[in-house]
Amino acid sequence: MTPRLGATIASEWTKLRSVRSTWLALALAVVLATGLTALFATAVASGHDALSPPEKLAFDPVGSGLFALGLALIPFIVLAVNATAPEFASRMITVSLAITARRGRFLAAKVLVAVAVAAVGGLVCVLAAFGVSQGVFAGAGVPSAGIGDPGVLRILLGWVLQMMLFSLLGVLVAVLLRSAAGAIATLLGLVYLPAILGPMLPEWVHTYVLRFLPSATADAFTGNGANNLPLWAAGLVMAAWVGLLWTVTRRVLTVRDAR
């Protein structure tokens, strides 16, 4: 008898929490979110007096204060990939699929556990980074923001959503590639290469390619980047990416049968 979804989720959670790397990844995410935020916020605050009047008027304390969260995303990607890829390397995936024969249920359980952990861990990181950065700004006499200010809560939740999204993609890409190193490299490239190579590419690439990538659609919710899609369009594109990858991954898992 195939276990129900609740039992499969409980099994996946047991696997994830019993591995030391899970807790190390979460701890590293918090350290990156708070430590790097404190460093970046201090640097921004120290240079604020040197800004021109128009630059001071355009200063965004929320965006400037949450810059380090782009690096805190890395441990969540690693955590999600390591929740999946090692089962293929050790061949334990054969046992897992023998117990939970329904591939969709097995995949859904892995995704739900990884996304739930990212939601809780991401919320802690985002709130900590926001508190640290705005505290540094206020202490230095630089304009700061409160969580109740217009648009702030949306940006904070957008960062949490981004961590959840890439945790979800981490599971799916790990199943597709069966390799932790390959999945991590693919996702990090997807996150960071557009920002690195973007300035060297023609404008039409930004308009018709880059802003439709998962990283750009997530940036629309956090307010990062320029020329982002409207929120409703970014949501549709994000859903399309998730739906496409889910369909392909479930099909590959079924046809390949974890051989």
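Evaluated against (1) over 25 Å from Ala85 (Cβ atoms); (2) in contact with a Ser or Thr (Cβ under 6 Å, 6 or more places away or on another chain); (3) hydrophobic (A, V, I, L, M, F, W, C); (4) in contact (Cβ under 8 Å) with a residue 60 or more places away in the chain, Ala234 falls short on exactly one condition, (4).
For segment 44-66, the set of residues classified as under 11 Å from Ser133 (Cβ atoms) and in a helix (DSSP H, G or I) consists of Val44, Ala45, Pro61, Val62, Gly63, Ser64, Gly65, listed by residue number. Among all residues of segment 67-76, there is at least one that is surrounded by 14 or more Cβ atoms within 10 Å (Cβ to Cβ), out of contact with any His (no Cβ under 7 Å at 6 or more places or on another chain) and in a loop (DSSP other than H, G, I, E, B). One residue alone among Thr247, Thr217, Thr207 is assigned to a helix (DSSP H, G or I) and open to solvent by less than 30 Å² (accessible area, probe 1.4 Å), and that residue is Thr217. Among helices (runs of 4 or more DSSP H) entirely within segment 92-200, having at least 2 residues that are open to solvent by 60 Å² or more (accessible area, probe 1.4 Å) and under 30 Å from Arg4 (Cα atoms) singles out 92-99, 103-139.
Table: residues versus (1) closer than 21 Å to Leu32 by Cα; (2) in contact (Cβ under 8 Å) with a residue 12 or more places away in the chain; (3) within 18 Å of the chain's Cα centre (by Cα).
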| site | (1), (2), (3) |
| --- | --- |
| Leu107 | no, yes, no |
| Val117 | yes, yes, yes |
| Leu123 | yes, yes, yes |
| Gly131 | yes, no, no |
| Ala140 | no, yes, no |
| Pro150 | no, no, no |
| Val160 | yes, yes, yes |
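Within segment 244-257, is there a residue that is closer than 17 Å to Leu69 by Cα and either in contact (Cβ under 8 Å) with a residue 12 or more places away in the chain or not polar (S, T, N, Q) (or both)? The answer is no, given that none of the residues of segment 244-257 is closer than 17 Å to Leu69 by Cα and either in contact (Cβ under 8 Å) with a residue 12 or more places away in the chain or not polar (S, T, N, Q) (or both). Inside segment 10-42, residues that are open to solvent by 60 Å² or more (accessible area, probe 1.4 Å) and under 30 Å from Pro143 (Cβ atoms) make up a count of 4.
The values are calculated or read from the model by the stated rules, or taken from the named source; none is laboratory data. No experiment lies behind these values; they were computed from the predicted model shown. Here Cβ is always computed from backbone atoms with ideal geometry, including for glycine, and neighbour counts include all displayed protein chains. To get the accessible areas, we keep the full protein, side chains included, count just its heavy atoms, and leave off ligands, DNA and RNA. Shrake-Rupley method; radii C 1.70, N 1.55, O 1.52, S 1.80 Å.
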